[in-house]
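A short worksheet on the structure shown next.
The values are calculated or read from the model by the stated rules, or taken from the named source; none is laboratory data. What you are looking at is a predicted structure, and each value in this text was computed from that prediction instead of being measured. Reconstructed Cβ throughout: ideal geometry from the backbone, glycine too, with neighbour counts over all protein chains shown.
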Amino acid sequence: MSFPSHNPTETKAWAALEAHYQEIKHKHLTELFQNDPNRASELKKEFPGFLFDYSKNRMTKKTVELLVQLAKETGLDQAKQAYFGGEKINETEGRAVLHTALRSPANAAVELDGKNVVPEVQEVKAKMKSFCDAVLSGNKKGSSGKAFTDVVNIGIGGSDLGPVMITEALAYYQKGLRLHFVSNVDGDHLQESLKGLDPETTLFVVVSKSFTTQETLANAQSARKWFVEKLSTEAVGDHFIAVSTNIPQVEAFGIEAQNIFPMWDWVGGRFSLWSTVGLSVALAIGFDGFEELLAGAAAMDQHFKESPSEENIPVLMGLIGIWYNNFFGAESVGVIPYTQYLHRLPAYLQQAIMESNGKSTDRNGNPVDYQTGEIVWGEPGTNSQHAFFQLIHQGTKLIPCDFIGYKKSLYGEKEHHDKLMANFFAQTEALMNGRSLEEVQEELKNQGQGAHLAPFKVFAGNKPTTTLLFDQLNPHSLGMLVALYEHRIFVQGVIWNIFSYDQWGVELGKILAKTILSDIQSDSLTSHDSSTTQLLQRYKN
């Protein structure tokens, strides 16, 4: 194996953490701050461009020490070497996990089976740059000689969630092309996306490693039909490009070899936005902007690779998640970005985190007897404050939250941004401190209101938050942020002793869907449970 297999619950650190949890589980965050005047300055980390403050978490310096010891006992440092060293840590699929190589410097050496993959990556990036520059400059035109105005990205999963999240997040930096993303096999989604587009000025980017993914191929074929009906079959080659490894299938579709951008099997789908899958991103913000995105991720890679665990931001984030998941019994984590630009970040992280660590079998093939994975959810602030924050503040569930904010707005709307950030800071303070019965009673008395309202206006507080305060949202800082969460996933997978980079759990539904599609399209039904049979009969009749 690439790194040792273990049951984390059998380590000395886990036993010590269980005992420690019993000591502090009822301690209030306000008490922890009162007992340690230096708490805020000691439970934070500085990184160029942002501050990571984890002092509002229900933990102490001793907690951190024990969690770091857990990381050590479970072989995190050795696992990191295997991760960056090109070992095939995706063992069930026999693949390395080298999305970090995609953002490595041009002079770096990343070995896979004795071969440095960086030169090949640089060659493909040069092709991406040439293509993007030609489209954005207007030198590459459609079949009728008109410059492109719109790009339609057709993909699903990692071939959609990453590019659409990044493109939405960096809308301020877009160069003029209008981007559209089609993922759902729902035909209404495709038709709404095509509505109002001019086929003469539309470029389609079909993203599918195998070029056999049902949803993507269905959408691509329908988009091709729409296009051919309005222009011609001969024009397909000028308006469709592909990101794939299945060159014969792509060429049969009508896409020329020079318009096929390759992928690698050592890049998992949900971590592929850094590859040619990010072509739509590069078309949106320009290839120089795409390079800045990669550079930001590379800076976080270096920090994660080289920093000791107690100073390592992705490690600390991963350990904080384990502390709440496995000791406090929290099952979800809220991700609350205080910028509308990041409104797709929670959805992106849902796939990245839940598809990676939603596993119940350990690396030895045995069922686990402890919790793994986290339910990830969220919306931008301040919208979320008027939606689900009631549950976080006064509900019965413990929901640790990550708050992501920026010191500067992009359009310089300082009055708006000050109000936004006032809420950002106020929410973490309110979640921590709460409001006591005595405070509420005094307030009601001063307002001349009935004391019977007091119990309903009490806030228990002691709700944990982690704050990431960036200087400004740009390609570089966004690259850092996404890479930070990627490495957080890795840390937790190592400690939980699971394989984070396969996703066998998505296969069964796909297999059954093929059988059921045949049932829908035929006059008879194959054998199903009575509920499914009943539903199919209702649908068909």
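Could you please let me know if residue 426 is part of a helix (DSSP H, G or I), small (Gly, Ala, Ser) and under 21 Å from the mean Cα position of the chain (by Cα)? Criteria not met by residue 426.
When we screen 371, 350 for residues that are without any contact (Cβ under 8 Å) to a residue 60 or more places away in the chain, assigned to a helix (DSSP H, G or I) and of a type outside the set (Gly, Ala, Ser), the only hit is 350. Within segment 395-405, one or more residues are more than 29 Å from residue 18 (Cα to Cα) and in a strand (DSSP E or B). Applying the condition of being in contact with a Gly (Cβ under 8 Å, 6 or more places away or on another chain) and part of a helix (DSSP H, G or I) to segment 16-55 and asking which residue is farthest from residue 324 (Cα to Cα) yields 30. Scanning segment 126-139 finds one or more residues that are over 26 Å from the mean Cα position of the chain (by Cα), closer than 30 Å to residue 228 by Cβ, modelled with pLDDT of 95 or more and not in a helix (DSSP H, G or I).
Within segment 435-445, at least one residue is surrounded by 12 or more Cβ atoms within 10 Å (Cβ to Cβ) and not in a helix (DSSP H, G or I).
Being assigned by TED's automatic domain parsing to the domain that holds residue 488, touching a residue at least 12 places away in the same chain (Cβ under 8 Å), assigned to a helix (DSSP H, G or I) and aliphatic (A, V, I, L, M): is that true of residue 330 here? Taking the combined requirement at face value, the residue does not satisfy it. Go through (1) over 29 Å from residue 510 (Cβ atoms); (2) out of contact with any helix residue (DSSP H, G or I) (no Cβ under 7 Å at 6 or more places or on another chain) and name the single condition residue 160 misses. Among (1) over 29 Å from residue 510 (Cβ atoms); (2) out of contact with any helix residue (DSSP H, G or I) (no Cβ under 7 Å at 6 or more places or on another chain), residue 160 violates only (1).
Kindly provide the set of residues from segment 446-468 that are at negative phi and surrounded by 18 or more Cβ atoms within 10 Å (Cβ to Cβ), ordered by number. Working first, answer last.
Step one: of segment 446-468, the residues at negative phi are 446-447, 449-460, 463-468.
Matches in segment 446-468: 454, 463, 464, 465, 466, 467, 468.
Just one of (1) at pLDDT below 95; (2) surrounded by fewer than 15 Cβ atoms within 10 Å (Cβ to Cβ); (3) not aromatic (Phe, Trp, Tyr) fails for residue 38. It is (1).
For segment 473-515, give me the residue count where each residue is modelled with pLDDT of 95 or more and assigned to a helix (DSSP H, G or I). Going through segment 473-515 one residue at a time, the tally reaches 22.
Being under 30 Å from residue 428 (Cα atoms), charged (D, E, K, R), in contact (Cβ under 8 Å) with a residue 12 or more places away in the chain and touching a Lys or Arg at 6+ places or on another chain (Cβ under 6 Å), is that true of even one residue in segment 55-73?
We begin by selecting, within segment 55-73, every residue under 30 Å from residue 428 (Cα atoms); these are 55-71.
Then keep just the ones that are charged (D, E, K, R); that gives 56, 58, 61-62, 65.
Cutting the leftovers down to in contact (Cβ under 8 Å) with a residue 12 or more places away in the chain gives us 56, 58, 61-62, 65.
From the residues that got through so far, the ones that are touching a Lys or Arg at 6+ places or on another chain (Cβ under 6 Å) too are none.
Checking segment 55-73: not a single residue is under 30 Å from residue 428 (Cα atoms), charged (D, E, K, R), in contact (Cβ under 8 Å) with a residue 12 or more places away in the chain and touching a Lys or Arg at 6+ places or on another chain (Cβ under 6 Å).
Of the residues making up segment 309-323, not a single one is touching a residue at least 40 places away in the same chain (Cβ under 8 Å) and part of a loop (DSSP other than H, G, I, E, B).
I'm checking my understanding of the structure. Among residues of segment 84-119 that are in contact (Cβ under 8 Å) with a residue 24 or more places away in the chain and of a type in the set (D, E, K, R), which one is nearest to residue 276 (Cα to Cα)? This residue is 103. Within segment 93-125, being exposed (fewer than 15 other Cβ atoms within 10 Å of the Cβ), small (Gly, Ala, Ser) and either in the same structural domain as residue 479 (by TED's automatic domain parsing) or under 28 Å from the mean Cα position of the chain (by Cα) (or both) holds for 94, 106, 109. Restricting attention to segment 140-160 and to residues that are of a type in the set (S, T, N, Q) and closer than 16 Å to residue 193 by Cβ, the residue that is modelled with the lowest pLDDT turns out to be 159. Scanning segment 166-188 for residues that are loosely packed, with under 13 Cβ neighbours inside 10 Å and assigned to a helix (DSSP H, G or I) yields 172, 187, 188.
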